[in-house]
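S.K.: To start, I am sharing the structure in question, which I have written as structure tokens.
The values are calculated or read from the model by the stated rules, or taken from the named source; none is laboratory data. Since this is a predicted model, take the numbers as computed values, not measurements. Counting neighbours? That spans all protein chains shown, and the Cβs are built from the backbone with ideal geometry, glycine included. Please note that ligands, DNA and RNA were not included when accessible areas were found on the heavy atoms of the full protein model with its side chains. Shrake-Rupley method; radii C 1.70, N 1.55, O 1.52, S 1.80 Å.
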Amino acid sequence: MNDNILVTRSSMPELTEYVDEISELWETHWLTNMGVKHEQFRSMLKEYLNVPQIELLTNGHMALEMALQACNFEEGSEVITTPFTFASTTHAIVRNGLVPVFCDIKYTDYTIDEEQIENLITDRTVAILPVHVYGNICNYRRISEIAEKYGLKIIYDAAHTFGESVDSIGVGNLGDASIFSFHATKVFNTIEGGAVSYKEPEYGQKIYTLKNFGIRDEEIVDGIGANAKMNEFCAAMGICNLRHIDDEIAKRKLVYERYFDNLSDIPGLKLNTIPDNVRSNYAYFPIVVDPEVFGSTRDEIKDRLADNGIGTRKYFYPIASEFDCYKNVYDSSKTPVALDTGNKVLTLPMYADIDIDIVDRICSIIRKGN
């Protein structure tokens, strides 16, 4: 067995619980196309997230692509977003024939700098696509004010914030829509999966048909859609994992607190803090390294941990505007905070069942480089 410590590890129910959940599929042979498990999971998820409407999809990326496509934006329209994100965010915009316009982030929480958004709005702007990062929630009040002023849609990339709330509001209620990822590496997983929460039923109907080839009923196909339906096995895993999610998050909180206690006093390491008005899911533990103060670079810390069998991730590096497919189109110097953070950030191993002694060992190795 590999004794290396990975940066993340999927939460899973007991095998017997999952087997019991899927056993009836052998009786019905209904494996996909919005079956019983799909509908049961969707109902449970709607209640847990306390959202008015939700649609399940095959993964978080297709959830975002469908959420944008359902808006029927004119090709070539601009969407203001951030380069400090996973590739999926930017690609979903481009694959819809839209143009990403990159706004810088804030050093405080790595989310979009809402005070720079207005300067980027043109007569081609149709939407803002902010990204909640590491469980940090965007300044939703200010973003809503800007969107209302200019008549823009808001679609949140909420892949990092499953189950979170801000000011006692579930994140799935922010903006016109929010997308979630249930990938195996996330706080909550369905093996692979995603969802879109939304307010307007008509919008949800568009997503429903788009994820099912544009099929409205047996004889009417009135849209050009994709195959982005969640299958019954993934839905069953979601049902099982949702039963245990609060316990999983409580365990992650203990890990977060241990890291924070061990590392918070080290000059040159910036840790992620959680505001009092946010109920966190403790999705990630990023550190941002100032090499001049700390004495080692981010990459040196990463290599030292790797030499000890400990995996970390430079997440997000490179930033989206530095991808080979975009770097000749965008000037990353126009988003200096995102560029600098991408060059200095490192996420440490974080999952519910990581041993606290391992957390202490990771922190000890990091301190030795100080």
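S.K.: From the backbone phi of the stretch 150-158, what are the Karplus-calculated ³J(HN,Hα) couplings (6.51 cos²θ - 1.76 cosθ + 1.60, θ = phi - 60°) in whole Hz, Gly and Pro given as x?
M.R.: So the J values, rounded to whole Hz, are 10, x, 9, 7, 10, 10, 8, 7, 9.
S.K.: What are the extents of the Cα atoms of the stretch 163-220 along their three principal axes, in Å, largest first?
M.R.: That works out to 44, 27, 11 Å along the principal axes.
S.K.: I'd like to check one number: the per residue accessible area of the chain, probe 1.4 Å, reported in Å² as a whole number.
M.R.: Counting only protein heavy atoms, the per-residue value for the chain is 45 Å².
S.K.: Suppose each label sits 7 Å from its Cα in the direction of the beta carbon; what would the Arg142-Tyr315 distance come out to in nanometres?
M.R.: My value for the distance between the label points is 2.7 nm.
S.K.: Take the alpha carbon gyration tensor of the stretch 6-104, find the square roots of its eigenvalues, order them as a ≥ b ≥ c, and report rounded if a/c is under 1.5; if not, report prolate when a/b exceeds b/c, else oblate.
M.R.: Note, shape of the stretch 6-104 comes out prolate.
S.K.: Sticking with this one: Explain nothing, just compute: Karplus ³J(HN,Hα) = 6.51 cos²θ - 1.76 cosθ + 1.60, θ = phi - 60°, for every residue of the stretch 61-72 in order, whole Hz, x for Gly and Pro.
M.R.: Couplings: 5, 5, 4, 6, 4, 5, 4, 6, 4, 5, 7, 6 Hz.
S.K.: Moving on. Using the structure shown, list the pairs from Lys106/Lys211; Lys46/Lys186; Lys206/Lys334; Lys37/Lys251 with a Cα-Cα distance above 25 Å, or answer none.
M.R.: Over 25 Å apart, Cα to Cα: Lys106/Lys211; Lys206/Lys334; Lys37/Lys251.
S.K.: A further question follows. So how far apart, in nm, are the two label points at Asp340 and Asn262 if each is 7 Å from Cα heading toward Cβ?
M.R.: Simple spin-label model gives 2.8 nm for this pair.
S.K.: Here is a follow-up. In deg cm²/dmol and to the nearest 500, what is the mean residue ellipticity at 222 nm of the chain if only DSSP H runs of at least 4 residues count, each as -39500 (n - 2.57), divided by the residue total?
M.R.: Working: 12 runs with 134 residues, N = 370.
Calculated mean residue ellipticity at 222 nm is -11000 deg cm²/dmol.
S.K.: Here's a follow-up. Could you give the length gained by full extension between Arg304 and Val329, i.e. 0.36 nm per residue of separation minus their alpha carbon distance, to one decimal place?
M.R.: Working: separation 25, 0.36 × 25 = 9.00 nm, distance 3.52 nm.
Here the segment from Arg304 to Val329 would lengthen by 5.5 nm.
S.K.: Let me ask something additional. Return the distance in nm (one decimal) between the two label points of a simple spin-label model at Thr122 and Asn33, each offset 7 Å from Cα along Cα→Cβ.
M.R.: 4.6
S.K.: So what's the gap between the Cα centers of the stretch 21-90 and the stretch 248-278, to the nearest angstrom?
M.R.: Here the two parts' Cα centres lie 30 Å apart.
S.K.: Could you identify which residue out of Gln205, Gln53, Gln69 has the top mean-square fluctuation in a GNM of the chain using Cα springs shorter than 10 Å?
M.R.: Most flexible of the set in this elastic network: Gln205.
S.K.: For the stretch 82-180, what ratio Rg/Rh do Cα atoms give with a Kirkwood hydrodynamic radius?
M.R.: 0.92
S.K.: Continuing with the same structure: May I ask you to list the trypsin sites (Lys or Arg not before Pro) in the stretch 232-322 that are in a DSSP loop and have at most 16 other Cβ atoms within 10 Å of their Cβ? Walk me through the numbers on the way to the answer.
M.R.: Details: sites: Arg243, Lys251, Arg252, Lys253, Arg258, Lys270, Arg279, Arg298, Lys302, Arg304, Arg313, Lys314; in loops: Lys314.
The qualifying sites are Lys314.
S.K.: Roughly what percent of Cα-Cα pairs across the chain reach past 39 Å?
M.R.: Percent of Cα pairs beyond 39 Å in the chain: 16.
S.K.: Something else now. Once amide H atoms are built 1.01 Å from N in the peptide plane, which residues 5 or more positions from Leu6, or in another chain, come under 5 Å H to H?
M.R.: Result for Leu6 returns Gly311.
S.K.: From the gyration tensor of the Cα coordinates in the stretch 287-370, what semi-axes in whole Å does the equivalent ellipsoid have, largest first, with each one equal to sqrt(5λ)?
M.R.: In descending order, the three semi-axes are 28, 15, 10 Å.
S.K.: Between Val221 and residues 5 or more places away or on another chain, which pairs have amide H atoms under 5 Å apart, with H built 1.01 Å from N, and which residues are they?
M.R.: Residues meeting the amide H criterion: Arg216.
S.K.: Follow-up. Kindly rank 353-366, 55-68, 184-197 from highest to lowest mean number of other beta carbons found within 10 Å of each residue.
M.R.: 55-68, 184-197, 353-366
S.K.: Is the stretch 311-353 best put as rounded, prolate or oblate by its Cα gyration tensor, with a ≥ b ≥ c the root eigenvalues, rounded for a/c under 1.5, and otherwise prolate when a/b is larger than b/c, oblate when not?
M.R.: In terms of gyration-tensor shape, prolate.
S.K.: For the stretch 215-285, run through the GluC sites (Glu not before Pro) and keep only the ones in DSSP coil with at most 11 other Cβ atoms within 10 Å of their Cβ.
M.R.: Glu218, Glu219
S.K.: Could you compute how fast the stretch 126-225 diffuses translationally, taking Rh as the Kirkwood radius over C-alpha pairs and applying Stokes-Einstein at 4 °C with viscosity 1.567 mPa s? Give it in µm² per second.
M.R.: Translational D for this selection: 88 µm²/s.
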